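Structure, as structure tokens:
The values are calculated or read from the model by the stated rules, or taken from the named source; none is laboratory data. Everything numeric in this text was worked out from a predicted model, so none of it was measured. Here Cβ is always computed from backbone atoms with ideal geometry, including for glycine, and neighbour counts include all displayed protein chains.
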Amino acid sequence: MAKELKPPQELSIWEDAQKMIEKARRDGVETVWDRYEQQSPHCTFCELGLTCKNCNMGPCRISPKEGGKMQRGVCGADAHVIVARNFGRFVAGGAAGHSDHGRDLIEVLEAIVEGKAPGYQISDEAKLRRVSAELGINVDGRDVMDVARDLMDICYADFGSRKKEVGFTCRVPEKRKEIWRKLGIMPRGVDREIAEMMHRTHMGCDNDAPNTLLHAARTSLADGWAGSMIGTELSDIIFGTPAPSASRANLGVLKADHVNLLVHGHNPVVSEMVLAAAREPEMIAKAKAAGAAGINIGGLCCTGNELLMRQGIPMAGNHLMTELAIVTGAVDAMVVDYQCIMPSLVQTAACYHTKFITTADKAKFTGATHVSFHPDNAVKQARVVVEMAIEAYERRDQGRVEIPCEPVDITTGFSIEALLSALGGTLDPVLDAVKAGKIRGFTAIVGCNNPRIKHDSANVGLAKALIKKDILVLATGCVTTAAGKAGLLMPEGASMAGPGLQEVCGALGIPPVLHMGSCVDNSRVIQLCAAIANALGVDISDLPVWGASPEWYSEKAVAIGLYCVASGIPVQIGTPPHITGSDVVTNLALSGLEDLVGAAFLVEADPEKAADIMDERIKAKRKALGLSE
Ligand code: BF8
């Protein structure tokens, strides 16, 4: 029997989402929430992490308590080994996603150096020289392309097996590196750690759950301090380092009289080129000839964040809004690269006139139109994509268009460089505010949406609860749009903050939630924490800081959470990963890591309760640093 549909008001806190869920139902279009209901209840063995498909003696599923005795898989693996192996592979998947994205940027840099990437360039030469110098490259008086070539070599080497430590560990406080060396989790090379995790979790290798977990930490550190950090730094060098700017968010950014082209996925390598093509007078003229007033580019998910940070492109929505954007009937084309792109979007697009276009040879979708992007053909292919959007516009049925709300204003662009420049070149004003207790601490709220949780309720709830306690919030990934829609990315949003944070925001003209970029850009968060720790002469774990991912869903989010924890930043999550079938693994995650790396995970779904627990730790950390409340 079909399950009863939940009212849209129970599925999302947003009016634009609720209206589009209703429209999807009217239009007979299936959404992620429908499929979630169909899949519920989920398999308990899988939820606990107690299924194993790693070999062909299985699949196995075990009960840890069957008859009072722990069951074992066919190979003899107990619950702890099975859970740890599954978790290790989960982390490796996330680290691979971010890091392969980072590698794609090295390849673009290589193509630029070799003169084979028309349309791409070094946009921030000063940052190229600064980052290269940090990594030990001689930059004085050298040609920009020579420096870029050396940087490219160092970044490629960070993916290999020849190093003892990846390059950007030069940014990590010495005390932290000592911990990593002692535990044997210093990240050596991105591909090496990921491959070793796959090796360890093959049947008959690492059969000691804590040992597997430590390698998961090492793999995640290779993501945070190499794969992701390379992704961020090279994106800034190639496309420009973000600076504060104004933009808008929600489905109201779609324009009924324009060709609407949404970019979705992660890597700016594609979306920047599509944007550039859409701005060409020739393309605008074609759009006008087709009867449109112009071409409107909007962002979804993390490539949206990338364009928002650097180009001020408006955000149409986050993860759970991607299907609903098409349901407006106003999206002429959705162009995607990779990661977090629901396979369902092909079917959703087929219900309307929307052209669904894939661009990455490693992320093809059956039923989509594939336009293969590479550094040497990106300019040409971007024009092809924009022309497809214009053609689709001509087929649009305006009678099916419903743009559900007006957009809200947001501010964006808070890279570390932008923060420093706003603060007069030094972190001192922020550190002074922290010492004075006006900013009591920091929390980076990162990550996703998940249909298990009412859309954005926890992302927004936690951000509001924390700023009320004078805790400055940094936002990345899909939390960005949530915070933006809630008015938290505007300086006026400080009226929702506590008195200290209100004062700081007023004095600096900043919002209480600062947008720092995409999920790959969580590397900016750990870099900032390391810089603050270095400035204070302490370890990262001594700081009054948290990470949080209230609505996480992806492997990447777990990799981020673990590299934060391993870097000394405790992390709140709204739902546990599939590890609770092993008390050894669960206890390690929730408390054991605290002893090892000075931080651990907190699982608390209620934003207010989570904020209270986080606040207690911030108080304790402030006290230990000799800071008053
Ligand atoms: O990397 S926040 S849903 S889009 S995983 Fe995905 Fe989560 Fe969004 Fe970006 Ni990050």
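Annotations
- Note on the stretch 504-528: among residues that are without any contact (Cβ under 8 Å) to a residue 60 or more places away in the chain and in a helix (DSSP H, G or I), the one that is nearest to the ligand (Cβ to nearest atom) is CYS505.
- Residue in the stretch 244-256 that is modelled with pLDDT of 95 or more, more than 30 Å from LYS288 (Cα to Cα) and either polar (S, T, N, Q) or more than 22 Å from the chain's Cα centre (by Cα) (or both) present: no
- Residue in the stretch 291-303 that is nearest to HIS266 (Cα to Cα), counting only those that are touching a helix residue (DSSP H, G or I) at 6+ places or on another chain (Cβ under 8 Å) and within 11 Å of the ligand (Cβ to nearest atom): THR303
- PRO429 vs. criteria closer than 30 Å to LEU488 by Cα and within 26 Å of the chain's Cα centre (by Cα): no
- Single condition LEU420 does not satisfy, out of (1) of a type in the set (A, V, I, L, M, F, W, C); (2) surrounded by fewer than 24 Cβ atoms within 10 Å (Cβ to Cβ); (3) not in a helix (DSSP H, G or I): (3)
- Tabulated pairs, the stretch 287-314, first in contact (Cβ under 8 Å) with a residue 40 or more places away in the chain and of a type outside the set (A, V, I, L, M, F, W, C), second within 15 Å of the ligand (Cβ to nearest atom) and in a helix (DSSP H, G or I), C-beta under 6 angstrom, 6+ apart or interchain: THR303/SER271; ASN305/THR480; GLU306/PRO268
- In the set (1) out of contact with any helix residue (DSSP H, G or I) (no Cβ under 8 Å at 6 or more places or on another chain); (2) within 24 Å of GLU125 (Cα to Cα); (3) not small (Gly, Ala, Ser), the condition left unmet by LYS255 is number (2).
- Among the candidates LEU501, LEU466, LEU474, the residue that is away from the ligand (no atom under 12 Å from the Cβ), closer than 20 Å to GLU417 by Cβ, out of contact with any Cys (no Cβ under 6 Å at 6 or more places or on another chain) and not hydroxyl-bearing (Ser, Thr, Tyr) is uniquely LEU474.
- Those residues of the stretch 554-609 which are touching a Gly at 6+ places or on another chain (Cβ under 8 Å), within 15 Å of the ligand (Cβ to nearest atom) and either in contact (Cβ under 8 Å) with a residue 40 or more places away in the chain or among the acidic types (Asp, Glu) (or both), in sequence order: SER554, GLU555, LYS556, ALA557, VAL558, ALA559, ILE560, GLY561, TYR563, CYS564, PRO577
- Filter result for VAL584 (assigned to a helix (DSSP H, G or I) and over 24 Å from the mean Cα position of the chain (by Cα)): yes
- Qualifying residue in the stretch 208-222 (condition: among the basic types (Lys, Arg), closer than 25 Å to GLY568 by Cα and touching a residue at least 24 places away in the same chain (Cβ under 8 Å)): yes
- Condition met for PRO544 (in contact (Cβ under 8 Å) with a residue 60 or more places away in the chain and surrounded by fewer than 20 Cβ atoms within 10 Å (Cβ to Cβ)): no
- Restricting the stretch 435-454 to residues that are outside any loop (DSSP other than H, G, I, E, B) and under 19 Å from GLN527 (Cβ atoms), the residue that is farthest from the ligand (Cβ to nearest atom) is GLY441.
Okay, residues lined up against (1) modelled with pLDDT of 95 or more; (2) among the aromatic types (Phe, Trp, Tyr); (3) within 30 Å of THR348 (Cβ to Cβ); (4) surrounded by 21 or more Cβ atoms within 10 Å (Cβ to Cβ):
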| position | (1), (2), (3), (4) |
| --- | --- |
| GLU22 | yes, no, yes, no |
| GLY28 | yes, no, yes, no |
| THR31 | yes, no, yes, yes |
| ASN56 | yes, no, no, no |
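- Any hit, the stretch 137-150, residues being at positive phi and either part of a helix (DSSP H, G or I) or without any contact (Cβ under 8 Å) to a residue 60 or more places away in the chain (or both): yes
- Residues that are surrounded by 22 or more Cβ atoms within 10 Å (Cβ to Cβ) and part of a loop (DSSP other than H, G, I, E, B) occur in the stretch 346-355; there is at least one.
- Matching residues, the stretch 63-98, being away from the ligand (no atom under 16 Å from the Cβ), in contact with a Leu (Cβ under 8 Å, 6 or more places away or on another chain) and touching a residue at least 24 places away in the same chain (Cβ under 8 Å): PRO64, ALA79, ILE82, VAL83, ALA84, PHE87, GLY88
- Flag: VAL335 matches the condition of being within 16 Å of the ligand (Cβ to nearest atom), buried (at least 21 other Cβ atoms within 10 Å of the Cβ) and modelled with pLDDT of 95 or more.
- Listed by position, the helices (runs of 4 or more DSSP H) contained in the stretch 15-115 that have at least 3 residues being acidic (Asp, Glu) and under 29 Å from ARG192 (Cα atoms) are 79-113.
- The number of residues in the stretch 339-358 being in contact (Cβ under 8 Å) with a residue 40 or more places away in the chain and either away from the ligand (no atom under 16 Å from the Cβ) or basic (Lys, Arg) (or both) comes to 5.
- Matching option when the condition is within 20 Å of the chain's Cα centre (by Cα), of a type in the set (Gly, Ala, Ser), surrounded by fewer than 24 Cβ atoms within 10 Å (Cβ to Cβ) and more than 12 Å from the ligand (Cβ to nearest atom), among ALA494, ALA486, ALA458: ALA486
- Residue within the stretch 425-434 that is away from the ligand (no atom under 16 Å from the Cβ), loosely packed, with under 15 Cβ neighbours inside 10 Å and farther than 30 Å from SER628 by Cβ present: no
- Residue under evaluation ALA325, criteria (1) without any contact (Cβ under 8 Å) to a residue 24 or more places away in the chain; (2) within 16 Å of the ligand (Cβ to nearest atom); (3) crowded, with 16+ Cβ neighbours inside 10 Å, criterion not met: (1)
- Tally of residues being in a helix (DSSP H, G or I) and either surrounded by fewer than 18 Cβ atoms within 10 Å (Cβ to Cβ) or not β-branched (Val, Ile, Thr) (or both) across the stretch 278-296: 9
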